[in-house]
Structures are given as structure tokens and as C-alpha cells.
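A quick write-up on the structure given underneath.
The values are calculated or read from the model by the stated rules, or taken from the named source; none is laboratory data. Note that the structure is a prediction, hence the values are computed from the model and not measured. All Cβ positions, even for glycine, are placed from backbone atoms using ideal geometry, and neighbour counts span all protein chains on display.
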Amino acid sequence: MRLATISTWAGPRAAVQAGDAYVDVHATNPRMPPSVRLILEGGEPYLRLAWELAQAPDAIKYEAGKVRFHAPVHDARKIVCIGLNYRDHAAESGAAIPREPILFSKYPTALIGHEEAIVLPAVSQEVDFEAELVIVVGRRGRNIPKEDAMAYVAGYTIGHDVSARDWQLKKDGKQWMVGKTFDTFAPAGPHLVTIDEVPDPQNLAICLRLNGETMQDSNTKQLVFGVADLIAYLSQVFTLEPGDLIYTGTPPGVGFARKPPVYLKSGDVVEIEIEGLGVLRNPVVQG
Ligand code: ZN
């Protein structure tokens with residue numbers, strides 16, 4: 001099943017893709033919560049009902065071509081990000097392969113959806129791109145053993161870890177978080193693809209195209225820490241909650257590691273494609 005959060009007259013609403021339309025499940029049956037995060041809180045029975053409603057003859061539908069997307073979980077409580085998690089990206093960054101996951105985070109104000117604009121802040125001249133697989137958490141949990149971890153995953157989406165390198169790497173103390181949490185720096189979408197449609201998240205082609213030119217082209221096989229490793233590791237520290245997003249790191253090919261470096265500019269279009277998950281496309285504008 002492919003869940004999305006779409007813009008409606010009543011605000012952002014959970015929707016299920018059904019052919020070339022999106023079904024507003026709350027409008028179709030008010031027993032369904034209005035948001036994807038609350039549907040995930042309801043667990044398996046709510047997901048099953050969402051699927052059934054999407055097939056109903058009286059379902060309330062929006063034509064796919066006219067839909068405006070938010071991030072699939074537009075009100076995620078946590079956006080956790082992992083750095084240097086592809087072997088060859090660590091190498092191109094001149095960093096050692098990490099022995100434990102490297103964490104930073106973004107605020108929910110950074111989230112945008114498919115086709116929404118990435119806004120370049122006037123205070124950065126080095127805004128870079130990073131294609132990432134994103135885990136969407138499906139169940140609340142703490143101290144989750146690695147062997148149980150996959151039961152806590154609702155599914156996956158495509159993420160873009162937009163990064164102001166001058167803020168991330170050139171300020172005193174190298175504050176990764178500030179460089180990566182400017183508003184609009186966390187595009188995600190278009191869909192939350194449920195786990196049943198993604199049998200092996202550690203074997204997905206992932207690529208990023210800037211104005212049609214391929215800049216990153218890899219496979220999630222290259223991940224240093226896989227999905228279950230990350231769920232187990234993170235849940236030692238904090239409670240994972242339904243709808244939390246985990247950006248799992250980026251493969252090689254990012255702009256700052258190129259000679260000469262390539263940074264985003266107004267008018268650019270960035271597309272990230274992950275096998276089985278679709279394409280996340282965002283235009284770039286100057287703020
Ligand atoms: Zn990243």
C-alpha cells in the first residue's frame with residue numbers, strides 16, 4: 001500500500017493511492033484518523049481498514065495529476081538522520097568508516113513534500129544534495145533487540161538530506177545539525193510504501209539526478225548500518241514512535257566532494273529515485 005499526505009480544503013489529509021487517484025480515507029469514513037501518523041498509531045487494523053476504504057466504490061477521490069503533496073508523515077515528531085552510512089561516501093568525505101552510527105537531526109519545520117520547493121537561504125552559498133532511503137517507524141518501542149527490529153518498521157519513503165556545507169563544516173565546532181535543518185531542507189515522499197512491498201530494503205538501487213544529470217548512483221547494499229541495526233541502536237537512546245522518520249545516509253557523488261564542487265542554485269530541479277519507491281522531485285528557489 002502507498003500512503004500519502006495530500007492537501008485538501010480541510011488541510012493535510014491521509015490518502016491511499018488507488019490507481020490514478022488518491023482516496024481521502026478520513027473523508028470516506030470518519031472512523032479513520034485524518035493523518036498518516038495517527039493511522040500508524042492505530043496499527044495493523046487501521047492500515048487494513050485504510051486499504052479497504054481505498055477500494056470502496058463510494059471512496060472520496062482526488063485525481064493524481066491534481067494532487068499537492070505534503071511529506072508522507074507531515075507532522076512527524078522526530079526526524080533522525082544518520083551520517084557517513086555508505087562505505088564509499090565516507091571515503092569521498094575523507095572520513096573513516098564509522099564504528100557506530102553517527103547521529104544528527106532535523107526539525108519538523110524542515111519537512112516538505114514531493115514537488116514543493118527547496119528554498120536556498122540567503123545566508124548560505126554552499127547548499128548541497130543527498131539522496132537517502134528513509135525508514136518510517138510503525139510502532140512505539142525502546143531497547144528493541146535487532147532480531148525484533150523489523151516489526152517496528154511501517155515502511156519506507158524517499159528523502160533528500162539538503163545540506164548547507166558552509167554551516168555544517170566551516171563554522172566553529174562543525175555543527176552538522178544547523179547546516180541540515182534550515183526550513184525546506186527535508187524533502188520526503190511522494191509515498192510511504194508499506195513494508196510488504198519492500199522485501200529487502202538493503203538491496204535497492206538509489207540515484208539522484210540534478211537537472212536530468214545523474215550525480216549519485218548506488219545501492220542500499222552499501223549501507224554500513226542497515227535498517228534493523230539502526231532501529232536497535234537508536235532505541236537504546238530514545239523511544240521510537242509511530243511516524244518517526246529515520247534518514248539513513250547518502251551514497252557517494254554529493255556536490256561538495258566534486259572537483260570543482262557543485263552546489264544547488266535557483267531554477268535547479270532535483271530528482272531522487274529509489275527502486276520500488278518512486279521518484280521524489282523538488283525544484284530549487286532562492287529565498
Ligand atoms: Zn545525509
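See the values below:
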{"read-out": "Search result, residues across segment 193-220 that are of a type in the set (S, T, Y) and more than 17 Å from G249 (Cβ to Cβ)", "value": "T194, T214"}
{"read-out": "Which numbered condition H114 misses (of (1) farther than 23 Å from D217 by Cα; (2) outside any strand (DSSP E or B); (3) touching a residue at least 24 places away in the same chain (Cβ under 8 Å))", "value": "(1)"}
{"read-out": "Extreme residue, farthest from the ligand (Cβ to nearest atom), among residues of segment 144-175 that are assigned to a strand (DSSP E or B) and in contact with a Phe, Trp or Tyr (Cβ under 8 Å, 6 or more places away or on another chain)", "value": "A164"}
{"read-out": "Condition check for K170: free of Cβ contacts under 8 Å to residues at least 60 places away in the same chain and of a type in the set (K, R)", "value": "yes"}
{"read-out": "Inter-residue pairs, beta-carbon under 7 Å, first farther than 13 Å from S93 by Cα and β-branched (V, I, T) and in segment 247-264, second within 10 Å of the ligand (Cβ to nearest atom) and outside any strand (DSSP E or B), 6+ apart", "value": "T248/N85"}
{"read-out": "Qualifying position, being within 19 Å of E275 (Cβ to Cβ), away from the ligand (no atom under 15 Å from the Cβ) and surrounded by fewer than 21 Cβ atoms within 10 Å (Cβ to Cβ), among P199, P190", "value": "P199"}
{"read-out": "Breaking point among (1) within 12 Å of the chain's Cα centre (by Cα); (2) surrounded by fewer than 17 Cβ atoms within 10 Å (Cβ to Cβ); (3) not polar (S, T, N, Q), for A71", "value": "(2)"}
{"read-out": "Long-range neighbours under 8 Å by Cβ, at least six apart or interchain, first residue within 21 Å of D196 (Cβ to Cβ) within segment 276-287, second loosely packed, with under 14 Cβ neighbours inside 10 Å and at pLDDT 95 or above", "value": "G276/E197"}
{"read-out": "Members of segment 191-230 found to be touching an Asp or Glu at 6+ places or on another chain (Cβ under 9 Å) and in a strand (DSSP E or B), listed by number", "value": "A205, I206, C207, L208, R209, L210, Q216, S218, N219, L223"}
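Table: residues versus (1) crowded, with 24+ Cβ neighbours inside 10 Å; (2) within 16 Å of the ligand (Cβ to nearest atom); (3) closer than 19 Å to M150 by Cβ.
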| site | (1), (2), (3) |
| --- | --- |
| N219 | no, no, no |
| F225 | no, yes, yes |
| D229 | no, no, yes |
| Q236 | no, no, yes |
| G249 | yes, yes, yes |
| P252 | no, yes, no |
| A257 | no, yes, no |
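Results for (1) part of a strand (DSSP E or B); (2) in contact with a helix residue (DSSP H, G or I) (Cβ under 6 Å, 6 or more places away or on another chain); (3) touching a residue at least 40 places away in the same chain (Cβ under 8 Å), shown as yes or no for each residue.
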| position | (1), (2), (3) |
| --- | --- |
| D75 | no, yes, yes |
| A91 | no, no, yes |
| G94 | no, no, no |
| I97 | no, yes, yes |
